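Below: one structure, written as structure tokens.
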Amino acid sequence: MKHLKRPARHRGAVAATLACLLLASCSAGSTATGSVGKNSLNIGLTAEPANFDFTKTAGNAIPQALLYNVYQNLVKLDQSGKIQPQLATSWSLSKDRKTYTFHLVKNAKFSNGRPFTAEDAKFSIERVTSDWTVVQKSQMDVVDTARAVSPTELKVTLKRPSNDWLYRMTTRVGAMFSRTGVSKLATEPVGTGPYEVKKWNRGDSITLARRDGYWGREPYFKSVTLKYFKDPTAMNNALLTGTINVMGDMQSPDTLYRFQNNPKYKVIEGSTNSEVVLSLNNRSGPMRNLKARQAVRHAIDHKALMDTCWAGRGKLIGSMVPPTDPWYQNLTNQYPYDRDKAKKLLKESGQAGHTLRLRIPTLPYAIACGTVVKSQLEQAGFKVKLDQLEFPAAWLSTVFKNADYDMSIIGHMEPRDMQTVFGGKGYYTGYDDPEFRALVKKADQGTRKDQITYMRAAARLLSKDAAADWLFLLPMLTVADKDITGLPVNYVSESMDLTGLGRS
């Protein structure tokens, strides 16, 4: 029987995560706190949300801004990646590993004034399978029933044991919604968190305001503005001129030297969940051919690419698993750089005459790496046409929704997303392998040791099948005013948690 008690929270606690998205990157900074006020914070980001409804809109930009700040979950991830209480004070798991009993906080209220109860938790869990449309909704399929025993007690019974489900409750699918507050999610989010959306200047910024009457301990900053930049240089200048206070995930690592020796700033370098993936369309076009995909993987000199487009910062991983996950293994040796072998495989594939459409989003890392990928593939005999698609709208519509591409480059930053990205032909990658799905299922239902064993086997299978090419893992490069406290070292969740940030 597992029973966890709620830890005490304090204003200066380390943030569960201030990281940037992978389908977007964040950044911010300032040299003078007086420019925005001591109790205000400005953060620079790269990808602006298309709307506020992450139940129907894909990508990480929305949960990055709203999760843990506007919306809360029963449980959350702390900065070390451990599951901690949030709206649940404690929970237990039955001996058959199928029934969770959650004890909830007693005084939480939504921003619309309604109290949060177990009925809202039941409603939120059931709504994922009934009303959500994003691919993450399948993470709730394992739930059999959710029952409100009392206003502060919830029982959730799973169809089978699952190692993964409680972890998923720390992500967007575990967000708690008001039963009377879901009619305008795209424009009016209603949550129990310490912040609410105060203002949205589309194309420029989103301002979150500290909420009066919040049930928990209020965060340090009264106001937080998320300011969006398409140009990394403009974001750097915003930090240098005091317009922003924190660059959470720097998008021009070759300019890091400008801040490292400046006493006005602190620089933190850590890790993320953000695998920069050279996506291959396994469903249609030339990349359906295994030898063509294998040729792509042998054609990429990953170290040279990372050195060229990301100043050598990051980590080569060779798989869809970051080092912060328990089942990480270094798979970079499965497809070593070998241009002659790539040429041979391309010829054998019969796809040499096709022009590959490399369609990338207008995100800094994708733009920087796109030309390098194109050059390396062409040196191996491929014909490549490079297109830049405006992000998020054009890329999400063309590549993610309609799979109208042969290759793309995107940073997948959602935690533990291997089975989501490669779990079926319905996803934009189009990878559909029964053996892979069987391995993931065994990992979920077995012991903790089984989970590691089978998830590693699943990652090896993906790599062997050349389902994609993993260029490198984005680093967490944080640059901030020296007095900003609570900044995380690693990015471990899909939330940019503002609640532990402060000033010294």
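Electrostatic tally near S495: other residues with Cβ closer than 13 Å to its Cβ, Lys and Arg +1, Asp and Glu -1, net -2. Could you work out how far apart the two model spin labels at L316 and S504 are, taking each label as a point 7 Å from the Cα in the direction of the beta carbon, and quote it in nm? Reported label-point gap for L316 and S504 is 3.7 nm. Positive-end ranking of V372, W395, F382 along the dipole of segment 241-399, with charges on Cβ about the Cα centre, is headed by F382. For the chain, the share of DSSP beta bridges that are antiparallel, to the nearest 5, is 80%.
Please report, ordered by residue number, every helix of the chain (full DSSP H runs) that is 30 Å or longer along its axis going by C-alpha atoms and whose mean Kyte-Doolittle hydropathy reaches -1.0.
Span-like helices, by this rule, are absent here.
Taking every protein chain into account, the accessible area of segment 294-372 amounts to 41 square angstrom per residue (probe 1.4 Å). Other residues whose C-beta falls under 11 angstrom from the C-beta of S40 contribute a net charge of +4, scoring Lys and Arg +1 and Asp and Glu -1.
Solvent exposure of segment 179-274, expressed per residue, is 45 Å² of accessible area, with all protein chains present and a 1.4 angstrom probe. Just the protein heavy atoms count here, and of the accessible area of segment 153-289 at 1.4 Å, carbon and sulfur take up 44 percent. Over all other residues within a Cβ to Cβ distance under 11 Å of A121, the charged ones net out to +1, with Lys and Arg as +1 and Asp and Glu as -1.
Excluding same-chain neighbours fewer than eight residues apart, the lysines reachable from K303 by a Cα-Cα span under 30 Å are K230, K266, K291, K315, K341, K343, K344, K347, K374, K383, K385, K464. Each of (i) 1.47; (ii) 1.06; (iii) 0.96 is a candidate for Cα Rg over 2.2 N^0.38 Å; the one calculated from this structure is (iii). Averaged over its residues, segment 427-504 has an accessible area of 32 Å² per residue, based on protein heavy atoms and a 1.4 Å probe. Residue separation of K383 and T453 scaled by 0.36 nm, minus their Cα-Cα distance, works out to 21.3 nm of gained length.
How much of the accessible area of segment 419-504, probe 1.4 Å, is carbon plus sulfur, in whole percent?
51
Inter-part distance, segment 56-70 to segment 355-377, computed on C-alpha centroids, equals 26 Å.
FRET efficiency for the E390 to R114 pair, using the beta carbon distance and R₀ = 45 Å, is estimated at 0.75.
The values are calculated or read from the model by the stated rules, or taken from the named source; none is laboratory data. All of these numbers come straight from a predicted model, not from anything done at the bench. When we count neighbours, we look across all protein chains shown, and the Cβ atoms used for this are built from the backbone with ideal geometry, even at glycine. Surface accessibility is based on the protein's heavy atoms, side chains included, excluding ligands, DNA and RNA. Shrake-Rupley method; radii C 1.70, N 1.55, O 1.52, S 1.80 Å.
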